[in-house]
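The values are calculated or read from the model by the stated rules, or taken from the named source; none is laboratory data. Here the structure is a predicted model, which is why all the values come from computation and not from measurement. FYI the Cβ positions are ideal-geometry reconstructions off the backbone, even for glycines, and counts take in every protein chain you see. Surface accessibility is based on the protein's heavy atoms, side chains included, excluding ligands, DNA and RNA. Shrake-Rupley method; radii C 1.70, N 1.55, O 1.52, S 1.80 Å.
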Amino acid sequence: MGDHTMTAWPQYGDEEAAALLEVLNSGKWGSTSGDVVATFEREFAEYQQAGHAVCLANGTLAIAVALRAAGVGIGDEVIVPPYTFIATASAALFVGAVPVFADVDPDTHLLDPVATEAAVTERTKAIVVVHLAGRPADLDAFTALGARHGLTIVEDAAQAHGAAYKGRAVGAIGDLGTFSFQSSKNITAGEGGVVLTDSPELAGAVYSLVNVGRVPGGGWYQHESVGYNLRLTEFQAAILRVQLRRHPALQEQRERNARLLTDLLSKVDGIQLPPDDPAVTAHGRHLFMLRAPGRRDAVLKSLAAAGYDRASSGYVPLHRNAAVLREAKAITTRLNQPYPELRCPNADELSTDTIWLPQPYLLGTATETEALATTITTAATAT
């Protein structure tokens, strides 16, 4: 084994410890009695240029709540990309809706607006657009598509903290946006999530779903709708407030190393990198993704041998996931509806040649980044 260890993640210090102790000593550990969650909601909404933020237990349920707040329910179709984490699809199933897979763009790994429009039926109610790896999807195309067909656009920004599209932070460009604060994420409290929106009505619906059907300012036992209990704790929000303050400097470092890595790998035979897009004015840099057609496994083996054992082959496409298809077809069968199984050849191909480098690999020095690039180059060009 080599000695190229990944920068420790998460990064934390005395500030997080002090914030946790403050909550502990306050005796107000839940958001129904404290104000730390509410404060973080305001700070994160401002950071992502959104009108409203509602925190909750995790990013998976954030998507489910966003869909439910938009009125998505039993038998409705939700178009999602197949090249994403299972939560993007399972969230639709949680609210009784049917995930329908539209193919991705092979250059960017992101949901293709043309394939998406072709997948729209009279049962389609929403599209979940994933900003995979932290790269914003084509939000102009998707917001226009949503307007044309009367569909809710949910941004799955689980990996896109700090990302921006044409100068505007992602998350509230669509109707709703969701983020994750799970352990690997660029802002983390171990778990947690948030839903953003510019709509006061949608924000109220999300709040109610997270808070057992209560309404802001209403009585404790005043349940105006049927909601879950998905509240974040004050302890998590205390950590998140400090993590949010750390984010800009860490993000600058990730960006600098990602650009260096791009420069070093862009001319390497056998390596394909996503093209630059002037609309992506800030990349979330949760993953550095590349393609190595025919050489993926060899490159991963060389990376592991050199100590980069967190490099990964990424997702198995969800349109091949038996559990997701079984659940989706169970819903359509009960409603006597056909399940639209769409071909996703680009997602299939990407799953054979994509390599992920997780974000802590972008937090090293320039010298460490150069060493990483050398390992990839040597493996990709070996005969």
Under 7 Å between Cβ atoms, at least 6 apart or on separate chains: pull out the pairs that start in the stretch 287-298 with a residue that is charged (D, E, K, R) and end on any residue that is open to solvent by 30 Å² or more (accessible area, probe 1.4 Å). Arg291/Gln272; Arg295/Gly270; Arg296/Ser313; Arg296/Thr352
Looking at Val129, Val23, Val120, which is the one that is in contact with a Gly (Cβ under 8 Å, 6 or more places away or on another chain) and without any contact (Cβ under 8 Å) to a residue 60 or more places away in the chain? Val129
Name the residues in the stretch 191-214 that are at negative phi and assigned to a loop (DSSP other than H, G, I, E, B), would you? Glu191, Asp198, Ser199, Arg214
Tell me whether the stretch 215-235 contains one or more residues that are among the polar types (S, T, N, Q) and in contact (Cβ under 8 Å) with a residue 60 or more places away in the chain. yes
Matching residues in the stretch 303-325 - criterion: being farther than 22 Å from Pro274 by Cα and either more than 19 Å from the chain's Cα centre (by Cα) or open to solvent by 30 Å² or more (accessible area, probe 1.4 Å) (or both): Ala304, Ala305, Ala306, Gly307, Asp309, Arg320, Asn321, Ala322, Ala323, Leu325
Which residues, taken from the stretch 326-355, are closer than 28 Å to Phe288 by Cα and surrounded by fewer than 14 Cβ atoms within 10 Å (Cβ to Cβ)? Arg343, Pro345, Thr352
In the stretch 201-213, what residues are open to solvent by 30 Å² or more (accessible area, probe 1.4 Å) and touching a Gly at 6+ places or on another chain (Cβ under 8 Å)? Val212
Restricting to the stretch 240-268, count the residues that are part of a helix (DSSP H, G or I) and open to solvent by 40 Å² or more (accessible area, probe 1.4 Å). 14
Sort out which residues of the stretch 38-55 are open to solvent by 10 Å² or more (accessible area, probe 1.4 Å), among the aliphatic types (A, V, I, L, M) and not in a strand (DSSP E or B), and write them in order of number. Ala38, Ala50
Residues located in the stretch 170-200, provided they are open to solvent by 10 Å² or more (accessible area, probe 1.4 Å) and hydrophobic (A, V, I, L, M, F, W, C): Ile173, Ala189
Regarding Gly217, is this residue in a loop (DSSP other than H, G, I, E, B), under 21 Å from Gly34 (Cα atoms) and open to solvent by less than 10 Å² (accessible area, probe 1.4 Å)? no
